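The values are calculated or read from the model by the stated rules, or taken from the named source; none is laboratory data. These figures come from a predicted structure and were not determined experimentally. Methodologically, a virtual Cβ is constructed for each residue, glycine included, from the backbone with ideal geometry; neighbour enumeration extends over all protein chains shown.
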Amino acid sequence: MARILITSALPYINGIKHLGNLVGSQLPADLYARYNRARGHEVLFLCATDEHGTPAELAAAKTGEPVTDYCARMHAVQKELSDGFRLSFDMFGRSSSPQNHRLTQHFATRLGQAGLIAEVTERQMYSPTDGRFLPDRYIEGTCPNCGYTRARGDQCENCTKQLDPTDLIDPRSAVSGATDLELRETKHLFLRQSAMRGQLSDWIEGKTDWPVLTTSIAKKWLNDGDGLQDRGITRDLDWGVPAQFDGAPWAGMDGKVFYVWFDAPIEYIACAGEWAAATGRTDAAWERWWRTDKGAADVRYVQFMGKDNVPFHTLSFPATILGSGEPWKLVDYIKSFNYLNYDGGQFSTSQGRGVFMDQALSILPADYWRWWLLSHAPETSDSEFTWDNFQVSVNKDLADVLGNFVSRVTKFCRSRFGEVVPAGGAYGDREQALIADLSARVAEYQAHMDAIEVRKAAGALRAIWVAGNEYLQAAAPWTAVKTDPDAAAMMVRLSLNLIRLYAVLSAPFIPDAAATLRAAMNTDDGWPDDVAAALAALPPGHAFTTPEVLFAKITDEQRADWATRFAGVRT
RNA sequence: GGGCCUGUAGCUCAAUGGUUAGAGCAGAGCGCUCAUAACGCUUUGGUUGGGGGUUCAAGUCCCUCCGGGCCUACCA
């Protein structure tokens, strides 16, 4: 039995995530977690809300709530939605947890003691009206290059020119519109990533089995220009982990907090501490997942994320861990995803374009979304969601191929033999061939799942479903029953066992439907390590119930309605 | 500007430099009647974005042009 630590990129606290966010990290991570649990491995699957930073403060200000209240409320909302999508986190924590405060300050201390933190004084834009320093992109003004009047302080969206806030003509706060901006000196801590460039580069160069998407982004940052740059890890904000604390190896950082991208990855570790605390476990229980000197040496750690998160997971977070000089577990494999587009354009949180997690669950059960999203996961390039494709794929795969198979088998059995697994008859060549075929296909499915090839795994699973329909069509028990009832009984018995097999194999993709099938077949969820044996799990005389329609089809009217409803801006 | 990814059938996507470029869906034809008008079988469909080059051999490698996307370190 292997031990597998799985983390999904942390969803930011600022609002409800869309389906593109979901398929880029949490959903495939859940697929992998469920699969490995089903295979009998020991899994710890962690995720949390990423709660610090300027956007959280501004979102709270907008609703009039204290930021702590806002984050608590939004955490609950995101937790409910992740439950709705059946994301099987062992812990859905919070980066604002006491565990993360302690651990973030601990890492900062270690890095400081190791000489890997520098104090840098710089000048940044301050808005007296807003009472805060403003990140570059929160300053708007007229572009000196093209005259666009809503250029941001980091880049003009119109002409794409890189800008500095001081370049802008008539700069103003994007938060309040205030124009009384001024440059103020402020001191910040920088993580000396440049000092660790060689160590990080050697580590990345050794990861030859990682997706190109992952390593190419890392190498770009390592080698671009003057090489890996130091990164500021503090901000002038109120909401976050205080950068000044007892035992800190620096002074003068009062009123500042750590930058979210410093504390958020540390929450992966702290979240394990939250898990232990929430489930009455000791520190040793979580440390055996994270400390190689305390039992984690045999852990395989896999991270899931969208491509925009890669630099922080390949460089900054490893720099934090390596720089600490302590035996923390480093990531073994990074699975990164491209983006899911929505009907010819991008999903957009800010513009409310596309389908968001709450909306998705309000119109269809989670399994529909899980199946479509995972079977179309943007692994090699960006992929595209269209309502037409969604309707056709889901109806065909889930309703016709899988759902209808269950219907035809259970209803035929009920009408001819009653709701019990019929006795009599023995396998012939056709059945032996089916078992051989399925054994190969299950092996293929497992290989793709082990390699985290999500779309290929979905294709292999679908082929297993199709094999049942092919068998049934060729065996034709509805004909055999007229002349050879024992043979028909054997065919039906095998087919009923196929339903159980499908329930077990499909559970990582469509857990609710799988649970419905297992309950209907009145059986367990043991993995089919031996397909022939698995197809005898339901013995003659075993009672079952005929399930209701497993997946109702999406009608043309529904599709048209949804396409219209979600075309424009979220209201 | 720089870097990376990408362009393959009507659609969504596959193809360690090595047979005649594949699969699902959609389309067409046939079969079946247990089933959610579902299922099965057969089948149409390609100058692999354009052009040039390397090679015995190129969807794959190189150059160039065209299109799409991402990143570019202060959003997270």
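Laid out as a table, the results:
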| item | result |
| --- | --- |
| Residue match in the range A:35-49 (condition: among the aliphatic types (A, V, I, L, M) and assigned to a loop (DSSP other than H, G, I, E, B)) | no |
| Every residue from the range A:61-99 that is more than 22 Å from A:LEU5 (Cα to Cα) and aromatic (Phe, Trp, Tyr) | A:TYR70 |
| Within the range A:319-343, considering residues that are surrounded by fewer than 19 Cβ atoms within 10 Å (Cβ to Cβ) and either under 17 Å from A:ALA451 (Cα atoms) or of a type in the set (Ser, Thr, Tyr) (or both), the one modelled with the highest pLDDT | A:SER324 |
| Checklist (1) assigned by TED's automatic domain parsing to the domain that holds A:GLU444; (2) over 17 Å from A:PHE405 (Cβ atoms) applied to A:GLY541, failing item | (1) |
| Qualifying residue in the range A:548-561 (condition: more than 30 Å from A:MET449 (Cα to Cα) and hydrophobic (A, V, I, L, M, F, W, C)) | yes |
| Check on A:LEU322, within 13 Å of RNA strand B (Cβ to nearest atom), at negative phi and assigned to a helix (DSSP H, G or I) | no |
| Failed condition for A:CYS146, given (1) away from RNA strand B (no atom under 16 Å from the Cβ); (2) surrounded by fewer than 16 Cβ atoms within 10 Å (Cβ to Cβ); (3) over 31 Å from the mean Cα position of the chain (by Cα) | (1) |
| Residue list for the range A:188-231, restricted to those being under 17 Å from A:GLN124 (Cβ atoms) and more than 11 Å from RNA strand B (Cβ to nearest atom) | A:LEU189 |
| Qualifying residues in the range A:272-315 (those that are among the hydroxyl-bearing types (Ser, Thr, Tyr) and over 19 Å from A:ARG102 (Cα atoms)) - the one surrounded by the most Cβ atoms within 10 Å (Cβ to Cβ) | A:THR314 |
| Extreme residue, farthest from A:TYR427 (Cα to Cα), among residues of the range A:520-569 that are acidic (Asp, Glu), over 27 Å from the mean Cα position of the chain (by Cα) and more than 16 Å from RNA strand B (Cβ to nearest atom) | A:ASP561 |
| Number of positions in the range A:377-411 that are part of a helix (DSSP H, G or I), near RNA strand B (Cβ under 6 Å from one of its atoms) and among the hydroxyl-bearing types (Ser, Thr, Tyr) | 1 |
| Residue, nearest to A:GLY255 (Cα to Cα), within the range A:121-143, restricted to residues that are more than 9 Å from RNA strand B (Cβ to nearest atom) and exposed (fewer than 14 other Cβ atoms within 10 Å of the Cβ) | A:GLY131 |
| The one condition in (1) crowded, with 16+ Cβ neighbours inside 10 Å; (2) of a type in the set (A, V, I, L, M); (3) within 24 Å of the chain's Cα centre (by Cα); (4) within 16 Å of RNA strand B (Cβ to nearest atom) that A:MET490 fails to fulfil | (3) |
| Candidates A:THR49, A:THR7 - the one that is among the polar types (S, T, N, Q), assigned by TED's automatic domain parsing to the domain that holds A:HIS313 and within 11 Å of RNA strand B (Cβ to nearest atom) | A:THR49 |
| Members of the range A:351-376 found to be within 9 Å of RNA strand B (Cβ to nearest atom) and among the hydroxyl-bearing types (Ser, Thr, Tyr), listed by number | A:SER375 |
| Among the candidates A:GLY64, A:GLY131, A:GLY93, A:GLY84, residue that is farther than 27 Å from A:ALA285 by Cβ and within 20 Å of the chain's Cα centre (by Cα) | A:GLY84 |
| Which numbered condition A:ALA443 fails, given (1) surrounded by fewer than 19 Cβ atoms within 10 Å (Cβ to Cβ); (2) free of Cβ contacts under 8 Å to residues at least 24 places away in the same chain; (3) under 20 Å from A:ARG370 (Cβ atoms) | (3) |
| A:LEU402 vs. criteria over 21 Å from A:ILE16 (Cα atoms) and not basic (Lys, Arg) | yes |
| The listed residue being among the aliphatic types (A, V, I, L, M) and either exposed (fewer than 14 other Cβ atoms within 10 Å of the Cβ) or not in a strand (DSSP E or B) (or both), out of A:ALA118, A:ALA108 | A:ALA108 |
| The one condition in (1) surrounded by 22 or more Cβ atoms within 10 Å (Cβ to Cβ); (2) within 21 Å of A:TYR138 (Cα to Cα) that A:GLU57 fails to fulfil | (1) |
| Residue within the range A:161-174 that is surrounded by 14 or more Cβ atoms within 10 Å (Cβ to Cβ), among the acidic types (Asp, Glu) and closer than 30 Å to A:THR320 by Cα present | no |
